[in-house]
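Derivation of every value follows stated rules applied to the coordinates shown; laboratory data play no part. Treat the numbers as computed from the prediction; the structure is a model and nothing was measured. In this analysis, Cβ positions are derived from the backbone assuming ideal geometry, glycine residues included, and neighbour counts consider all displayed protein chains.
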Amino acid sequence: MKQKSVAVVGAAETTEMGKIPNLSQLGLHADGALNAMADAGLTAADIDGIACAGESPVNLAQYMGIVPTWVDGTSVGGCSFMLHVRHAAAAINEGLATTILITHGESGRSRVGVGGYGMARASQNGQFEMPYGPMGPPTMFTIPWLRYAKTYGATAEDLANVAVIQREWAALNPRASYRDPLTVDDVLGSRMIAWPFTKLLCCLVTDGGGALILTSADRAKDFPQKPVYVLGTGESVETQMVSQMEDFTTSRAFRVSGKKAFDEAGITHDDVDHLMIYDAFAHLPIYGLEDLGFVGKGEAPAFIRERNTAIGGKLPLNTNGGGLSYMHSGMYGMYAMQESVRQLRGIAPAQVEGAEISIAHGVGGMFAASGTIIFSNVAP
Amino acid sequence: MSAPTAPARTRPIPEPTPETAHFWEGTRTGELRIQRCSDCASAYFPPRPFCPACSSRNVEVEAASGRATLYSYVIHHREVPGFTSPYAIAVVELEEGPRMMTNIVECEQTPEALVLDMALEVTFEQVNDEISVPLFRPAEASQSRPASTEAVR
Ligand SMILES: [Zn+2]
C-alpha cells in the first residue's frame, strides 16, 4: 500500500466564496494556491509539482512562478482533483516530485476570464445528444433518475430529503451560501427546471477555488499543520454521453473507483467516520452511497430518510452543506476534499467528533468520470 | 424552407464524420441504422468502425426495426431556441438493445403521458437537406408489444 506514504500538508479555499467578481479564473487558482502555501509554510520556490483542471498547468506555473519537474493536466470534470491526488501520490512515491500543488479556481457565477462552453457539432455529443435539446447538466445528469425511481420505487420526496438534510449541515457553516432551514415542500415547490428536478434539487452556481499541497508522509511531520494521510485512492471513467451509461441505476465509474480506493486502503465501511459525495444534483448522494457499498442497491433513500447521514447520524455526509447549499463553482471535487481535510484536522464548522477516516468521492461530467480518496489523520 | 436567409432557429444540427456518415445517410432516407459485430453478434450505437464489446473491426451496418421503449427522461421547463418548452429529453431502448437520446413526439409532454417502458416507434424530422434526426412517437396500438426488459449488454 504505497499510497500510505503520502500526506496533505497544505489545504485552503479561496479567501472569499460565492460571488468574486474581482478575480479571474486564473486569479482564483492563485488565491487558493497562495492560501494553501501559507497554510503549509511554503512559497512557490518550494513547489516542484503542479496539477490543475479547468486551467492550463502551464498558465498556473508561469503565473505562480513555479518551476515544476512534474505536471498533470488531467481534466475529466469536477472530480479531476481527486485524480490529481492519486497521480500525485504515485509521483511522490516514485520520486518525480517532492512537493505537489493541486489547484482549482472557477468563476462559475461571475464568468471572469472564462473560456467558452460547448460541444463541437461533429463530436459524439454534438451528433447524438445535443440535437435533442439538452442544455447543460440539469437536463443530462438528471436523465437516469426516473429509471432508478421506477426500479426501486423511489420518489421525489427521497430526492428532497437529500437537500433538506444537507441544508441542516449548511446551517452550521458560516461560509455556506444558503443556511436557512428547508422543508420537503419547499424543495418540491421550488421552480421546475427539468421534471422531476426542481431548482432546490440542483447545485448552486458560484465563484471559488481551493488548493491542496501533498508531500511524503516522512516529511509531513515537519509541517505546521496536522498531517492528513492518503490511505487509498481510486479513479475511473465511463462515458461522456449520459445516454450511453451501462445502467441508469448505478454508476460503473463510481463502483470501479470506490472499490479500488477501499482495496488500497485496506479498510471496511464501518471504519469510515465521515463521507463527502459530490452532489451536483440530489440523486448523486443516493447513487454514491450505493455504488461505494455503504448500503445495498435501492436502500439509500431509506438510509437518508432515517437520518443516518444527518447531524447525529452514524455516517455524516456532506457536512459543509454540499454543492446544494455550500457552494458549487462547476468543478466541486476540490471542496469535497477540503471538507475531508478540515474534518480530519478537527477544524470543521460542523465537526464530527473524533473523526479519523474520511472519504471524498467525486464525479466528473454527467456520470462520465469518478475519483475517490480515503484520508486519515492517523499515521499509517 | 428554401429561404436563402438564415432559417428560424432549429435544434442543434449534427455534423457527420466519416465514421457516422452511414447513420445520417440512413435517417435522410427514413431508415434507422445501427451496427452489429460479425464476430460476437453485439448490436451497438453510436456508430464506430469497430465493436465496443470485442474490439473486432469486422462489423456491419443494419437497419433497426425502429421499435423501442421509453427508458428514462426529464421534462425541460426552460426556454431553448428550436424547442417549445416544456419538452422531454428522453433515452429510448431500441428493440435490438442499444439506447439513444431523442425526443418523444406526437405525445403530451407530461409525466402522465410519458410512461417508462411505453412502446415507441421511430419517425424522422428533416432539419435541412443533409440532416434528418430520429425521433420517437407512441407506437400504433396495433403494433404495441410487451415492454422489453432485456439487458443491453
Ligand atoms: Zn464484437
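Tabulated data for the structure shown
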item	result
Rg to Rh, two decimals, where region A:22-93 supplies the alpha carbon set and Rh follows Kirkwood	0.94
Environment charge at A:H29 (Cβ cut-off 10 Å; Lys +1, Arg +1, Asp -1, Glu -1)	-3
Kirkwood-based Rg to Rh ratio, region A:98-242, C-alpha trace	1.03
Summed side-chain charge close to B:S38 - residues other than B:S38 whose Cβ falls under 12 Å, Lys, Arg +1, Asp, Glu -1	-1
Isotropically averaged projected area of region A:159-290, using the convex hull of Cα atoms (one quarter of hull area), nm²	10.9 nm²
Sparse-neighbourhood loop sites, GluC sites (Glu not before Pro) in region A:312-378 - DSSP loop, at most 10 other Cβ within 10 angstrom	A:E353
Helix-only CD estimate at 222 nm, as mean residue ellipticity for the protein assembly as shown, using -39500 (n - 2.57) per DSSP H run (n ≥ 4)	-7000 deg cm²/dmol
Stokes-Einstein translational diffusion, region A:221-290 - Kirkwood Rh over all Cα pairs, 1.306 mPa s, 10 °C, in µm²/s	112 µm²/s
Computed lengthening from A:A120 to A:I347, 0.36 nm per intervening residue step minus Cα-Cα distance	77.3 nm
Over region B:21-143, relative contact order from alpha-carbon pairs under 8 Å, at least 6 apart, %	23 percent
Region A:1-74, relative contact order [Cα under 8 Å, separation at least 6], %	29 percent
Neighbouring partner chain Cβ atoms per residue of B:67-79, average, 10 Å criterion	6
Relative frequency of Cα-Cα separations exceeding 20 Å in region A:246-380, percent	39 percent
The protein assembly as shown - Debye-derived log10 I(q)/I(0), Cα point model, q = 0.08 Å⁻¹	-0.53
Rough spin-label spacing in nm, given labels placed 7 Å along Cα→Cβ, for A:K19 and B:A21	5.3 nm
Cα-projected label distance for A:N93 with A:E356, points at 7 Å along beta-carbon direction, nm	2.3 nm
Solution diffusion estimate, µm²/s, Stokes-Einstein, region B:21-143, Kirkwood Rh from C-alpha pairs, 37 °C, viscosity 0.692 mPa s	214 µm²/s
Under-5 Å amide H pairs with B:Q35, H placed in peptide plane, nonlocal only	B:Y44, B:E62
A:S56 versus A:A44: modelled label distance in nm, points set 7 Å from Cα along the beta carbon direction	1.6 nm
